[in-house]
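The values are calculated or read from the model by the stated rules, or taken from the named source; none is laboratory data. Note that this is a predicted model, so its numbers are computed, not measured. Here Cβ is always computed from backbone atoms with ideal geometry, including for glycine, and neighbour counts include all displayed protein chains.
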Amino acid sequence: MNDLAWLLTTAADAKVRDAKEGAELAAAAYTFSRGREPLYLDTQAAALAAAGQFEQALAKQREAIAVASTIGQPKLVAELEKRIKPYSEGRIYVPPARTTGPATRP
């Protein structure tokens, strides 16, 4: 569920992006996780940014970073921190294109 939400909110192709649907899926995934999965908050932040709600995206991203830090995932914290700059600049986050191998998230 979260993988689809991530795709819908961060796709390089604007025709694929659907911030509203992505936000709904990410929120459902986070609720299902009982609030323990920082990647779901990350996806919610991406959806908010894709919808032009950058201040809310920053707040949600900071929440994701806090959860990742609390559960002891420093590599994930570093990855999540990369989204702060684009959101603070009023830009969406689009992951770099992969040239080989399967697409995976941290």
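Here are the numbers for this structure:
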quantity	calculated
Within the stretch 26-58, tally of residues that are assigned to a helix (DSSP H, G or I), closer than 22 Å to R91 by Cβ, touching a residue at least 12 places away in the same chain (Cβ under 8 Å) and not aromatic (F, W, Y)	15
Selection count, the stretch 12-50, where residues are crowded, with 17+ Cβ neighbours inside 10 Å and among the hydrophobic types (A, V, I, L, M, F, W, C)	13
A64 vs. criteria closer than 22 Å to S88 by Cβ and at pLDDT 85 or above	yes
Selected residue (criterion: nearest to G52 (Cα to Cα)) from residues of the stretch 81-103 that are among the hydrophobic types (A, V, I, L, M, F, W, C) and either more than 15 Å from the chain's Cα centre (by Cα) or modelled with pLDDT under 70 (or both)	A97
Residue check for A66: among the small types (G, A, S), assigned to a helix (DSSP H, G or I) and surrounded by 21 or more Cβ atoms within 10 Å (Cβ to Cβ)	no
Test: R91 is surrounded by fewer than 17 Cβ atoms within 10 Å (Cβ to Cβ) and within 15 Å of T10 (Cα to Cα)	yes
Within the stretch 1-25, tally of residues that are under 12 Å from the mean Cα position of the chain (by Cα) and part of a loop (DSSP other than H, G, I, E, B)	1
